Structure formats: C-alpha cells, structure tokens
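So the structure is just underneath, and the comments pick up after that.
The values are calculated or read from the model by the stated rules, or taken from the named source; none is laboratory data. All figures in this text were calculated on a predicted structure; none of them were measured in a lab. Here Cβ is always computed from backbone atoms with ideal geometry, including for glycine, and neighbour counts include all displayed protein chains.
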Amino acid sequence: MAKGRYGEFGGQYVPETLMHELHRLEDAYEYYKKDPQFRKELHDLFCNYANRPSLLYYAEKMTKDLGGA
C-alpha cells in the first residue's frame with residue numbers, strides 16, 4: 001500500500017480492525033481497474049453521482065409535511 005505524502009508515518013488513519021478489509025479493497029481495485037467495463041461504470045458514477053453539486057434525494061416525509069413539491 002502506498003505511503004502517501006505524510007513522511008515516515010504514511011497517510012492512513014484507519015482503525016487496525018479495518019486494515020485487512022482495506023487491503024482486500026485495494027487488491028480488488030488493482031485487479032479491476034484495468035477492466036474497461038469497470039472503468040466505464042466508475043466514470044459514470046463520478047460524473048453522474050459523486051460529482052454533482054449536491055446529491056439528489058427525494059425527501060418523502062418533508063414533501064408530505066410541506067404539502068407537496
């Protein structure tokens with residue numbers, strides 16, 4: 001795993017109990033990052049979900065309380 005930019009101590013602040021799963025996630029990403037279908041889906045998520053100014057969320061209860069949209 002990369003050390004990051006934080007000198008000799010690395011750049012991760014993760015509880016020790018999660019390190020095994022973090023390594024598994026890193027291994028999976030290293031495996032799939034070369035897959036064109038994975039890259040296409042990841043790109044789509046970045047463009048249409050994560051990169052939005054704010055996430056879209058239908059606030060059902062608030063809509064009802066305020067009498068509709």
Quiz item: What are the pairs, 6+ residues apart or on separate chains, where a residue within region 24-35 that is over 22 Å from Val14 (Cα atoms) has its Cβ under 8 Å from a residue that is in a helix (DSSP H, G or I) and not charged (D, E, K, R)?
Solution: Tyr32/Phe38
Exercise. With respect to Gly11, determine if the residue is surrounded by 10 or more Cβ atoms within 10 Å (Cβ to Cβ) and outside any helix (DSSP H, G or I).
Key: yes
Quiz prompt | Residues of region 32-55 classified as surrounded by 10 or more Cβ atoms within 10 Å (Cβ to Cβ), among the hydroxyl-bearing types (Ser, Thr, Tyr) and at pLDDT below 95, total | solution = 1
